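The block underneath contains the structure these notes are about, expressed in structure tokens.
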Amino acid sequence: MGNVDSKLNFRKAVIQLTTKTQPVEATDHAFWDQFWTDTATTVQDVFALVPAAEIRAVREESPSNLATLCYKAVEKLVQGADSGCPSEKERQIVLNCIRLLTRILPYIFEDADWRGFFWSTVPGAGRAGQDEGDDDDGARPLAESLLLAVSDLLFCPDFTVQSHKRTGSDTAEDMQSIDSCEYIWEAGVGFAQSPPLNYTHDLNRTELLKLLLTCFSEAMYLAPSADNIILNPWVTFFCATDNRHALPLFTSLLNVVCAYDAVGYGIPYNHLMFSDYREVLVEHAVQILIVTLEHEAGPAAAQHSLDHSASAMEDLEPVGPDNLFVNYLSRIHREEDFSFILKGLARLMTNPLIQTYLPNSAKKIRFHQELLVLFWKLCDFNKKFLFFVLKSSDVLDVLVPILFYLNDARADQSRVGLVHIGVFILLLLSGERNFGVRLNKPYSVRVPMDIPVFTGTHADLLIVIFHKIITSGHQRLQPLFDCLLTIVVNVSPYLKSLSMVAANKLLHLLEAFSTNWFLFSASQNHHLVFFLLEVFNNLIQYQFDGNCNLVYAIIRKRNIFHQLANLSSDPATIHKALQMKKRKKTTTAVISRINSQETISMEGSRPAVPAEPGTLKASLVAIPAIDKLTEKAQVSEDGTMVCLQHMTTDQNAHSPQHTHSPQSSAADTSGIAGASDTESNSGRDNEEAFQPESELARSHLSSVSSSSAMYWNPTPDWVLSWKSKLPLQTIMRLLQVLVPQVEKICIDKGLTDESEILKFLQHGTLVGLLPVPHPILIRKYQANAGTAMWFRTYMWGVIYLRNVDPPIWYDTDVRLFEIQRI
């Protein structure tokens, strides 16, 4: 009965609040206590009993009452944090206030006039009778008091952490003198003891993290802007030196995530027997981490004291980012810490794959998108971690799940963001030589995937899946074609031996991209041909010996190269190609129709399927074009890289090796052509890059997009401007030497058997016959405002859609993205 009564009392208090037109004094304790003292409500109850319309009504009609409610709730949290919540009653009050604030904050953020409220100081409201001694604290903005209280409560003995006091001692631990580094939640980086699991502590931590996430979610209510320097004030304060728990909290969050094992701590099927409180905590921990690890505007010079950090972090260079979470993350350096992080993330990323071949053996986790963002941020903020990842074949434990997600999500438009983050990670990794080298490891894991069966290496797996995405992916993925092929170019100089399946897939892409209608239908489409030719040149020049399958495929499909060399550029041909284009609906449909000798998919695999109708998705901003996303580096003889970004376009124009860069698109022959160059992948610093997809003309989404034909008028001069730079010399020379030899063998021996020809090619050599090898050119990912904004919208979109119980932000006026129904 008690629970029903307490819900009724709580509801009565809410109704009183919405109907009172006069301000209620902050000192009217009897009125305000109804909201937290005598109630035992769950967070779901609070969401049900405090309807959105009523919160908005109080905000508009009696703003001072809403202000007092927020102020009083924060005050209760501050009191709880000071006292350490020794009694059950005090803990209940704290939990009720946490839930109430989680409910109300989004409605504060959606109204621009209210957004500053938490950052103003509340002059003496209700503080006078509290304690006089705390003058300095009296002047703190409400947001700061709230964040510091939440931080203290996350290390509150018997509430969120195990108490260390001796049994029988009745004195509560003093919250002010507690050394929270001794209360880190889980063993791992910089902490050796693993405290016993306590589900009540996990539940309480989760509620506090939910509130913290809600505080940080102010970012959702600001429209995306090209000016990415706006830091989130809540995050900035929480991750600054004012928060004395920053180090232990960062460590706790990271360790809880990386130590989590969804298999129910080693007992298969265990998860079916009990609800796993730890999983919900892990999910919130990873969301807090990705939101707090923010890029800063400029180099910070603040000095930080890290008393407890000697073991885990370097003390040599305490200067670094002002954001302490970023600072600590960037300074992790011990091998065993890197190993713990990488193994933990790889284990969690692989979890959805295990589901496919051992259904129900482990609990299926649903936070793989957040894990990918965390992995990205680790590599981005800590270069030593990136090198550690690439140092051994452990990187493949991350690569395989990412490729699995890409393939699985390729037809589902609600998962376009997931495909993007996977591709960005692979682009970042592909800028390092070691990644290409690691891909030569044979692929033997047999995860059922909807791809052709092949025997080969991880490089073959990557190429086969990229081919699948390009030929049968959702058309929203077209802006990624440049990125996918850039990754293949980056790794190509290091691939020792492609399988026949992968070699055929690359030639099939070239065949599709070099048709007249495709080459002439948008200003940037020819770049895809340049990328593929660069892949073939790298493989022939640097890895000819092991690549007889590719050489054989090139000989068989030699007509594609001859057609490219003899590409017509007269107005009649261009006109005819464009007429053809009007009849073709989407690029992807056409590409997949060009026969790709599709082989049988692996058994046990499910085809990639589109989103269910009605699925919700968050819109994304467009990504920058590939030349904004990457910078060029040349690999010198000794393997070191030299950045080429400073070479001018004019210099490039004379060297066939460098001209096919997207920068040097010589499309200035007609005014229209020049303009449509900015239409490519949206990233040309124009404001439109930051509008949600729904408002963007499709032409901005993609160089491949068909609607750009409205602006696009290819001329013979334009075709000649890039046709003359096609890097065909190496391939033509190879064909010139090998085709007569292969034909002679076939005639002499009456051969139709390809294994004999392959044997011949395997022992053949082109030493001295090919042009001088070109320098290896790598396009390395470079951070920029466009991708920073993309990450912000993607990450918050994921967090919005994943927090449905309770639905914290549902039906509030979010501005960072749009929620769309498919």
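The values are calculated or read from the model by the stated rules, or taken from the named source; none is laboratory data. What you see is a predicted model; the values in this text were computed from it and never measured. Ideal geometry is used to build each Cβ from the backbone, glycine not excepted, and the neighbour counts take in all protein chains shown. Remember, those area values only see protein heavy atoms, side chains included, never the ligands or the DNA or RNA. Shrake-Rupley method; radii C 1.70, N 1.55, O 1.52, S 1.80 Å.
Observations on the structure shown:
- Hey, L247 at pLDDT below 95, farther than 20 Å from M349 by Cα and not β-branched (V, I, T) or not: no
- Hey, E207 in contact with a Phe, Trp or Tyr (Cβ under 7 Å, 6 or more places away or on another chain), among the acidic types (D, E) and part of a helix (DSSP H, G or I) or not: no
- Any chance A240 is surrounded by fewer than 18 Cβ atoms within 10 Å (Cβ to Cβ), in a loop (DSSP other than H, G, I, E, B) and modelled with pLDDT of 95 or more: yes
- Residues of the stretch 557-577 classified as open to solvent by 70 Å² or more (accessible area, probe 1.4 Å) and modelled with pLDDT of 95 or more, total: 5
- Qualifying residues in the stretch 358-406 (those that are closer than 23 Å to V189 by Cβ and among the β-branched types (V, I, T)) - the one surrounded by the most Cβ atoms within 10 Å (Cβ to Cβ): V389
- Residues of the stretch 14-27 satisfying the condition of being over 43 Å from the mean Cα position of the chain (by Cα) and open to solvent by less than 60 Å² (accessible area, probe 1.4 Å): V24, A26
- Conditions (1) within 21 Å of V189 (Cβ to Cβ); (2) modelled with pLDDT under 95: number failed by F325: (2)
- For the stretch 520-541, the criterion of being modelled with pLDDT under 95, of a type in the set (A, V, I, L, M) and either farther than 30 Å from I757 by Cβ or in a helix (DSSP H, G or I) (or both) is satisfied by at least one residue.
- When T41, T102 are screened for being modelled with pLDDT under 95 and crowded, with 22+ Cβ neighbours inside 10 Å, only T41 passes.
- Residue list for the stretch 105-134, restricted to those being at pLDDT below 95, open to solvent by less than 40 Å² (accessible area, probe 1.4 Å) and aliphatic (A, V, I, L, M): V122, A125
- Qualifying residue in the stretch 713-734 (condition: more than 30 Å from L480 (Cα to Cα), surrounded by 15 or more Cβ atoms within 10 Å (Cβ to Cβ) and at pLDDT 90 or above): yes
- Set side by side, the residues I341, I332 differ, and just one is at pLDDT 95 or above, over 22 Å from G422 (Cβ atoms) and open to solvent by less than 30 Å² (accessible area, probe 1.4 Å), which is I332.
- Within the stretch 170-201, the set of residues being hydroxyl-bearing (S, T, Y) and within 20 Å of E336 (Cα to Cα) comprises S194 only.
- A search for C-beta distances below 6 Å between a residue of the stretch 571-584 that is within 16 Å of N525 (Cβ to Cβ) and any residue that is open to solvent by less than 40 Å² (accessible area, probe 1.4 Å) and of a type outside the set (V, I, T), counting only pairs 6+ apart in sequence or on different chains, returns I574/F520; I574/P714; A577/W517; A577/F520; M580/W517; K581/W517; K581/S521.
- Inter-residue pairs, beta-carbon under 7 Å, first closer than 12 Å to I560 by Cβ and in the stretch 508-526, second open to solvent by 10 Å² or more (accessible area, probe 1.4 Å), 6+ apart: H508/I594; H508/S596; E511/K557; E511/I594; A512/I594; S514/Q563
- Search result, residues across the stretch 594-609 that are modelled with pLDDT under 75, open to solvent by 40 Å² or more (accessible area, probe 1.4 Å) and among the aliphatic types (A, V, I, L, M): I600
- Residue check, R733 more than 30 Å from C215 (Cβ to Cβ) and either within 21 Å of the chain's Cα centre (by Cα) or of a type in the set (D, E, K, R) (or both): yes
- Screening L480, L462, L485, L498 for residues that are part of a loop (DSSP other than H, G, I, E, B), open to solvent by less than 10 Å² (accessible area, probe 1.4 Å) and in contact (Cβ under 8 Å) with a residue 24 or more places away in the chain leaves exactly one candidate, L498.
- Restricted to the stretch 765-788, and to residues there that are among the hydrophobic types (A, V, I, L, M, F, W, C) and in contact with a helix residue (DSSP H, G or I) (Cβ under 6 Å, 6 or more places away or on another chain), the residue that is most open to solvent (accessible area, probe 1.4 Å) is L769.
- Of all residues in the stretch 407-457, those that are polar (S, T, N, Q), assigned to a helix (DSSP H, G or I) and open to solvent by 20 Å² or more (accessible area, probe 1.4 Å) total 3.
Let's see how each residue does on (1) among the hydrophobic types (A, V, I, L, M, F, W, C); (2) without any contact (Cβ under 8 Å) to a residue 40 or more places away in the chain; (3) in contact with a Lys or Arg (Cβ under 8 Å, 6 or more places away or on another chain):
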site: F340; (1), (2), (3): yes, no, no
site: K363; (1), (2), (3): no, no, no
site: K377; (1), (2), (3): no, no, no
site: D380; (1), (2), (3): no, no, no
site: L386; (1), (2), (3): yes, no, no
site: R410; (1), (2), (3): no, no, yes
site: H420; (1), (2), (3): no, no, no
site: V423; (1), (2), (3): yes, no, no
site: L429; (1), (2), (3): yes, no, no
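- Residue check, K780 modelled with pLDDT of 90 or more and farther than 27 Å from F109 by Cβ: yes
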